[in-house]
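Read through the structure below, which is laid out as structure tokens, and then see the notes.
The values are calculated or read from the model by the stated rules, or taken from the named source; none is laboratory data. What you see is a predicted model; the values in this text were computed from it and never measured. With ideal geometry, Cβ positions are generated from the backbone for all residues, glycine too; neighbour counts draw on all protein chains shown. Accessible surface areas use protein heavy atoms only, side chains included; no ligands, DNA or RNA. Shrake-Rupley method; radii C 1.70, N 1.55, O 1.52, S 1.80 Å.
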Amino acid sequence: MFTSAGCSLCAALEPSLRLLARDSELELRLFDEHDDPEAWESLAIPGSPYAVVLAQDGEVLSKGTFNSLYQLESLLGPAAVRA
């Protein structure tokens, strides 16, 4: 997940991200725009909040912006199908 400290939507989604982080079938990593600029640049992240869903082998399964837990869960869908 790509977030930014100045992003009010990111702050509003924080409880949803904490909920997902407790899921033992997911590995959630957060990349802040200011703390992790290399990750943002290398993947050409257009803005936050943004998610990149990877398979265990590193294959990109889905990616995109999200504005709600529902939208984020839809990005996670391809990973659930592969499990």
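Consider the range 25-35 and keep the residues that are over 14 Å from residue 76 (Cβ atoms) and over 14 Å from the mean Cα position of the chain (by Cα). The one that is surrounded by the most Cβ atoms within 10 Å (Cβ to Cβ) is 35. Any residue at all in the range 72-79 that's of a type in the set (S, T, N, Q), open to solvent by less than 50 Å² (accessible area, probe 1.4 Å) and modelled with pLDDT of 90 or more? No: zero hits. Among residues of the range 54-64 being under 13 Å from the mean Cα position of the chain (by Cα) and open to solvent by less than 90 Å² (accessible area, probe 1.4 Å), the one that is modelled with the highest pLDDT is 64.
Inside the range 8-19, residues that are open to solvent by 20 Å² or more (accessible area, probe 1.4 Å) and not small (Gly, Ala, Ser) make up a count of 5.
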